[in-house]
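Here is the structure we will look at, set down as structure tokens.
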């Protein structure tokens, strides 16, 4: 269904648990997300700035799309735009389900630590993103526990935010986003605060859950190991303003890569060859090729 970004609402619907039947079912009855010739610009202090122009992007259900590039290039703007949280010119086809007219969004913000109510436990904070958060406690507690286990986590959800490290809060934010069973999940550096052991388990669990539940995941990432283990496709952005249209002059050419090295290990530092963007070169060498 094609909708305008200003029609997005952020409510919830009841959903099934993450049981083995769901985890083994990769048939999706609803199409994924696609963006057709989308553009975004803004004006500030009397000056006009263009971020991206005529982007064409596809995120099939059950896959993870990464956004990779230098600071200040507009990665988060693109991520929010693809989820309908930022108005753009062009057409975005959103995945919908359960007779909904608009997609359900799961969000792991970069400032995740500020997204928790300090007087509630982690579990209670997660409940707030679910349907009837405190009227069906038994059901919601089961759903949160199953999401928690599916991600391979061992987090004490009875703690309050003040008792948690940044990594623990980031884990809770990931649980909260996925427990909603969203059509689209967006996340800004969702593994950045996790230690080596936790991040290894979470990346595997995250990929399995995204695939099993048919979620369109869109992640802003800076770590190549995260990209290798989690992403199915990656948009590498060399600079701003950027486009995916090879025929446009005056724009940086962003490239979409398919991950041909899924679950691979990054064994060496990858640097640019001097003739192209280091971000394009790094992704090309790490993942194995263009779409």
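The values are calculated or read from the model by the stated rules, or taken from the named source; none is laboratory data. Remember, it's a predicted structure, so these values are computed and weren't measured experimentally. All Cβ positions, even for glycine, are placed from backbone atoms using ideal geometry, and neighbour counts span all protein chains on display.
Evaluate region 90-99: report whether one residue or more is closer than 16 Å to residue 243 by Cβ and in contact with a helix residue (DSSP H, G or I) (Cβ under 6 Å, 6 or more places away or on another chain). Checked region 90-99: no residue is closer than 16 Å to residue 243 by Cβ and in contact with a helix residue (DSSP H, G or I) (Cβ under 6 Å, 6 or more places away or on another chain).
Inspect region 154-171 for any residue being at pLDDT 95 or above, buried (at least 23 other Cβ atoms within 10 Å of the Cβ) and either under 26 Å from residue 59 (Cα atoms) or within 16 Å of the chain's Cα centre (by Cα) (or both) and give the result as yes or no. The answer is yes, given that some residue of region 154-171 is at pLDDT 95 or above, buried (at least 23 other Cβ atoms within 10 Å of the Cβ) and either under 26 Å from residue 59 (Cα atoms) or within 16 Å of the chain's Cα centre (by Cα) (or both).
Does at least one position in region 45-56 carry a residue that is assigned to a helix (DSSP H, G or I) and modelled with pLDDT of 95 or more? Looking for residues that are assigned to a helix (DSSP H, G or I) and modelled with pLDDT of 95 or more, one finds none in region 45-56, hence no. Within region 52-72, the set of residues being surrounded by 20 or more Cβ atoms within 10 Å (Cβ to Cβ) and under 26 Å from residue 249 (Cβ atoms) comprises 52, 53, 55, 57, 67, 68, 69. Please determine whether any residue of region 90-99 is in a strand (DSSP E or B), assigned by TED's automatic domain parsing to the domain that holds residue 190 and within 19 Å of the chain's Cα centre (by Cα). Yes: one or more hits. Take residue 75 and decide whether it is farther than 20 Å from residue 207 by Cα and loosely packed, with under 14 Cβ neighbours inside 10 Å. No: the conditions fail for residue 75.
Can you find a residue that is in a strand (DSSP E or B), under 15 Å from the mean Cα position of the chain (by Cα) and either modelled with pLDDT of 90 or more or not assigned by TED's automatic domain parsing to the domain that holds residue 83 (or both) anywhere in region 195-213? Taking every residue of region 195-213 in turn, none turns out to be in a strand (DSSP E or B), under 15 Å from the mean Cα position of the chain (by Cα) and either modelled with pLDDT of 90 or more or not assigned by TED's automatic domain parsing to the domain that holds residue 83 (or both).
For region 69-89, name all the residues that are in contact with a helix residue (DSSP H, G or I) (Cβ under 8 Å, 6 or more places away or on another chain) and within 15 Å of residue 186 (Cβ to Cβ).
Correct list: 81, 84, 85, 86, 88.
With the checklist (1) assigned to a helix (DSSP H, G or I); (2) without any contact (Cβ under 8 Å) to a residue 40 or more places away in the chain in hand, flag the one item residue 173 doesn't pass. Against the list (1) assigned to a helix (DSSP H, G or I); (2) without any contact (Cβ under 8 Å) to a residue 40 or more places away in the chain, residue 173 comes up short only on (2).
Per this entry, residue 69 is counted among residues that are modelled with pLDDT under 95 and over 13 Å from the mean Cα position of the chain (by Cα).
Summed over region 125-139, the residues that are outside any loop (DSSP other than H, G, I, E, B) and surrounded by 19 or more Cβ atoms within 10 Å (Cβ to Cβ) give a count of 3.
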